[in-house]
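Chemist: Questions regarding the structure given below will be posed in turn.
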Amino acid sequence: MLYHVIVFAPLLGAIIAGLLGTRFGRQFLPEKPSMVVTTGLLFLSAILSWVALYKVGIGHEEADIKVLRWMDVGDMKADWAFKIDTLTAVMLVVVNSVSALVHLYSWGYMSDDEFKPRFFSYLSLFTFAMLMLVTSNNFIQLFFGWEGVGLASYLLIGYYFKKDTANAASIKAFVTNRVGDVGLALGVMTVFLVFGSVNFDVVFNAIAENSDRRLPFLGMEFNAIELIAALLFIGAMGKSAQFVLHVWLPDAMEGPTPVSALIHAATMVTAGVFLVCRASSIYEAAPITSGFITAMGAFTALFAATVALVQNDIKRVIAYSTCSQLGYMFFAAGVGAYSAAMFHLFTHAFFKALLFLCAGSVIHALHHEQDMRKMGGIRKKVPITYAAMIVGTLAITGIGIPAIEAKIGFAGFFSKDAIIEAAYSAGIAGSGSGSFAFWVGITAALMTSFYSWRLIFMTFHGDYRGDKHTFDHAHESPKVMLVPLALLSLGAILAGAVFYKYFMGNAGDFWHGALPSKYGAGHAAIAPDYLMAAAEGSADGYDTVKHTGPFAFLFNTFHGYPRWVLFLPLIVSLSGLFIAFMMYMRGEGAAKHIRTVEETGGGPLYNFLLNKWYIDELYDVTIVKGARKLGDIFWKIGDVKIIDGLGPNGVAAFAAGSAKRLSKIQSGFLYHYAFVMLIGVAAIIALVFRTVGG
């Protein structure tokens, strides 16, 4: 019953607010009760989700709970059922906790909106769809939740339906995700073809016996497991905005800021990472696809970070940051560190939701201004928001003290460093994609620090650069918006330190089989045997290779890693802070830099990054215009000239015209009809005589 309440409480709230809040212009349930019901039910789900995490993660009370019989056609059997393990419990906590706080925050942020019941109904529907996805025990139910999230995101991104840009963004998100979903659908079909089942347990237990099976596809033969892994990852690329299919994510900022926090922190974008981790047994048997995931994740982390360096919309900076952090999660999964990927997903939910909601608080204070070039010097106007934004920035940049037994740092320090260490381990083992991911991860960490502190300096420091009237009336957000900021700040500070021993350590075998066991124990999760074996002659494999000289401290190992590997992320994070400070705080600071860019046009590299590598323009020139031309051919030639030309405008038009002309013979006079009959008889007689005579 516990899990039924967790999953269906948001659906109940969505139904109540959606059907009774507004209907055909009449309001059956006032705004406040709609908000109370949806928010209350989400907080109930969130609290019970933490209970579930304790019961499953600590108590190992895994379960498969059948809700109802769903599909049973021939060999295709798929129940509506919940698979409850630690992986599910972690996602329940992430989704429901962030969603509950977003619901509460929306009380203040959406206070002037005229359709609040509809908005809260959409939020709850979004949450329910994600819960269906993460609790699924088979690929069909996962696909149902997957598409439900896509539908809800379309509704929320296009919530301001009177804005053309919002409508375009919602359609872009929907269409782009459909491209990825084709891959997912084909992957699910291939799973059923190979295994004869879509149930997770059946499929994962039968991987070994099908590891050598080959399938024809696109005129070639592929290893069946590799093919399944690749097709499933195409779906993950769409939902989790990896390079090529990332273009919808920044435009999703057209939705209200609470929507951005929900999509980017806890729900839609994490679905792809969850899918790869849930199907880790498949990816363990698909090394080629796993290598591709590593490279793609690393490249996405770098690409998105470069674009975020120069963005001026406060929400778009954080949006590209999300895209970059998702790249980290994927390349962690690609090198096999699934626990590190899930750990970063967990910590990221807190600090990314915090950053988005802080951005919303700034926008709320400045009367919906989002351009950082028109901000500055508002830290005294919004001191609580400023403090929370600093906490989120320290978390996302991974500030902490490495190479000590009792790790100290913000949430991102624990999870991001674990991913970078995992990539280093893979590189040492001979993985080219692992080495690539390690150095890209370091480079992206430098950029993350720069653009995060750039946002802080441009928004809160220096002189205000916008409208004076707006600045004079700027104010701190109401308490209903500040409470979620405070709670998320606690998560951004403590989530890494508190949960590190569970996600990455030996604390009662937290994952208990939900992820491959070799990645669930201490530093063995990310420092595998081949790295520890390098420390010769030690019982535990640690700290026995000693170097001497002035840099000995950096090259001697700590828990299997050279200290320079552990300190490098911190060094580049502090370097990014220093560079941002020098550019945006010294002298005239941001004002001077903005003025220089406006006068010079920014230069080729700046404009290349500002225009997001011109990926959208490339798509427009190739796919969009190509599709439009193809559509014009089918429309103007196929439809108008051929179908309409031969149909309504051709044969049908001739028949109609002929009938119209013949109808004029119908005069109604008897002598006309007698005359026609006489002509007909004469023609018949002439024909007969001609025939007989011939």
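A short reminder: the numbers here are calculations on the coordinates, not readings from a lab. If you're wondering where the values come from, they're calculated on a predicted model, not measured in any experiment. Glycine also receives a Cβ, built like all others from the backbone with ideal geometry; neighbour counts cover every protein chain displayed.
Chemist: For region 628-694, which chymotrypsin sites (Phe, Trp or Tyr not before Pro) pass both filters: DSSP loop (anything but H, G, I, E, B) and at most 14 other C-beta atoms within 10 Å?
Modeler: F669
Chemist: Excluding residues on the same chain fewer than 8 positions from K625, give the lysines whose Cα lies under 28 Å from its Cα.
Modeler: K162, K163, K172, K239, K612, K636, K641
Chemist: Hey, if you put +1 on the Cβ of every Lys and Arg and -1 on every Asp and Glu Cβ in region 372-471, which of V440, I456, I408 ends up farthest toward the positive end of that dipole?
Modeler: I456
Chemist: Right, next: For a footprinting-style exposure proxy, rank M583, M220 by other Cβ within 10 Å, fewest first.
Modeler: Listing M583, M220 from fewest to most nearby Cβ atoms yields M220, M583.
Chemist: Counting other C-beta atoms within 10 Å, which of V480, V391, V681 has the fewest, and how do the rest follow?
Modeler: Taking fewest neighbouring Cβ atoms as first place, the list is V681, V480, V391.
Chemist: Something else now. Whole-Å semi-axes of region 1-148's equivalent ellipsoid, largest first, each the root of 5 times a Cα gyration tensor eigenvalue?
Modeler: Three semi-axes, in Å: 29, 19, 11.
Chemist: Compute the acute angle (0 to 90°) between the alpha-carbon long axis of helix 116-135 and the principal axis of greatest extent of the alpha-carbon atoms of the chain; round to the nearest 10°.
Modeler: Roughly 70 degrees between the two axes.
Chemist: How large is the Kirkwood hydrodynamic radius of region 48-105, counting all unique pairs of alpha carbons, in Å?
Modeler: Final number for the Kirkwood radius of region 48-105 is 13.0 Å.
Chemist: At 222 nm, what helix-only mean residue ellipticity would the chain give, in deg cm²/dmol to the nearest 500, using -39500 (n - 2.57) for each DSSP H run of four or more? Walk me through the intermediate numbers first.
Modeler: On the way: 29 runs with 445 residues, N = 694.
After summing the helix terms and dividing by the residues of the chain, the value is -21000 deg cm²/dmol.
Chemist: What residues qualify as long-range amide H neighbours of F510, i.e. H under 5 Å apart, gap of 5 or more or another chain, H built at 1.01 Å from N?
Modeler: Here the answer is none, since no amide H 5 or more places off falls under 5 Å of that of F510.
Chemist: In addition: With the cut-off at 1.5 for a/c, could you classify region 152-224 from its C-alpha gyration tensor as rounded, prolate or oblate?
Modeler: Working: a/c = 5.70, a/b = 2.56, b/c = 2.23.
Note, shape of region 152-224 comes out prolate.
Chemist: Positive end of the dipole of the chain, charges at C-beta (+1 Lys, Arg; -1 Asp, Glu), about the Cα centre: which of W613, F43, G327 has its Cα farthest in that direction?
Modeler: So the residue furthest toward the plus end is W613.
Chemist: Still on this structure, I have one more. Could you list the square roots of 5 times each eigenvalue of the Cα gyration tensor of region 1-79, that is, the equivalent ellipsoid semi-axes, sorted largest first and rounded to whole Å?
Modeler: With the √(5λ) rule applied to region 1-79, the semi-axes are 31, 22, 6 Å.
Chemist: Does region 618-693 come out rounded, prolate or oblate, given a ≥ b ≥ c as the square roots of the eigenvalues of its C-alpha gyration tensor, rounded meaning a/c under 1.5 and, failing that, prolate meaning a/b above b/c?
Modeler: oblate
Chemist: Per the Kirkwood treatment, what hydrodynamic radius in Å, one decimal, follows for the chain from the mean inverse distance over all distinct Cα pairs?
Modeler: Evaluated on the chain, it is 27.6 Å.
Chemist: Using Cβ counts within 10 Å as a stand-in for footprinting exposure, how do T127, T86 rank, fewest first?
Modeler: The fewest-first ordering by Cβ neighbours comes to T86, T127.
Chemist: May I pose another question? Taking the Cβ of K66 as the center, what net charge do the other residues with Cβ under 12 Å away carry, scoring Lys and Arg +1 and Asp and Glu -1?
Modeler: Cβ neighbours under 12 Å give a net charge of +1.
Chemist: While we're here: Leaving out same-chain residues fewer than 8 places away, which aspartates and glutamates sit with a Cα under 16 Å from that of K629?
Modeler: Here the aspartates and glutamates satisfying the reach criterion relative to K629 are D620, D639.
Chemist: If you build the convex hull over the alpha carbons only and average its shadow over all orientations, what do you get for region 91-131? Give it in nm² to one decimal. Before the final figure, lay out the partial values.
Modeler: Working: hull surface 10.4 nm².
Answer in nm², one decimal: 2.6.
Chemist: Identify the chymotrypsin sites (Phe, Trp or Tyr not before Pro) of region 4-93 meeting these criteria: DSSP loop state and at most 16 other C-beta atoms within 10 Å of the C-beta.
Modeler: Within region 4-93, the qualifying chymotrypsin sites (Phe, Trp or Tyr not before Pro) (loop, at most 16 other Cβ atoms within 10 Å) are F24, F28.
Chemist: Provide the per-residue ³J(HN,Hα) series for region 180-193, in order, calculated from phi with Karplus coefficients 6.51, -1.76, 1.60 and θ = phi - 60°, each as a whole number of Hz, with x at glycine and proline positions.
Modeler: x, 5, 4, x, 4, 4, 5, x, 5, 4, 5, 4, 5, 4
Chemist: A further question follows. Quick one: net charge of G398's neighbours, Cβ under 10 Å, K/R +1, D/E -1? Numbers along the way, then the final one.
Modeler: Numbers: positive: K416; negative: D417.
Neighbourhood net charge equals 0.
Chemist: Placing unit charges on C-beta atoms (Lys and Arg positive, Asp and Glu negative, everything else neutral), compute the dipole magnitude of region 618-693 about its Cα centre in debye, rounded to 20.
Modeler: 140
Chemist: Provide the three semi-axes, in whole Å and in decreasing order, of the ellipsoid equivalent to region 288-394 as defined by the square roots of 5 times the Cα gyration tensor eigenvalues.
Modeler: The three semi-axes for region 288-394 are 31, 15, 8 Å.
Chemist: So, one more: In whole Hz and in residue order, list the ³J(HN,Hα) couplings for region 254-265 that follow from phi through the Karplus curve 6.51 cos²θ - 1.76 cosθ + 1.60, θ = phi - 60°; x for Gly and Pro.
Modeler: Calculated HN-Hα couplings, in order: 5, x, x, 4, x, 5, 4, 5, 5, 5, 7, 9 Hz.
Chemist: Just how large is the dipole of the chain about the Cα centre, in debye to the nearest 20, putting +1 at every Lys and Arg Cβ and -1 at every Asp and Glu Cβ?
Modeler: That gives the chain a dipole magnitude of about 2020 debye.
Chemist: Mind running the shape call on region 412-516? Use the C-alpha gyration tensor, a ≥ b ≥ c as the square roots of the eigenvalues: rounded below 1.5 for a/c, prolate if a/b tops b/c, oblate otherwise.
Modeler: Oblate, since a/c reaches 1.5 and b/c is not below a/b.
Chemist: Now for a separate question. Find the relative contact order for region 2-517 and round it to a whole percent, using C-alpha pairs within less than 8 Å whose residues are 6+ positions apart.
Modeler: After rounding, I find 15 percent.
Chemist: As I understand it, the value is the acute angle between the Cα axis of helix 31-53 and the longest principal axis of the Cα atoms of the chain; what does it come to in degrees, rounded to 10?
Modeler: 50
Chemist: Does anyone have the angle between helix 411-428 and the longest principal axis of the chain? Alpha-carbon axes, 0 to 90°, nearest 10?
Modeler: Helix 411-428 sits roughly 90 degrees off the main axis of the chain.
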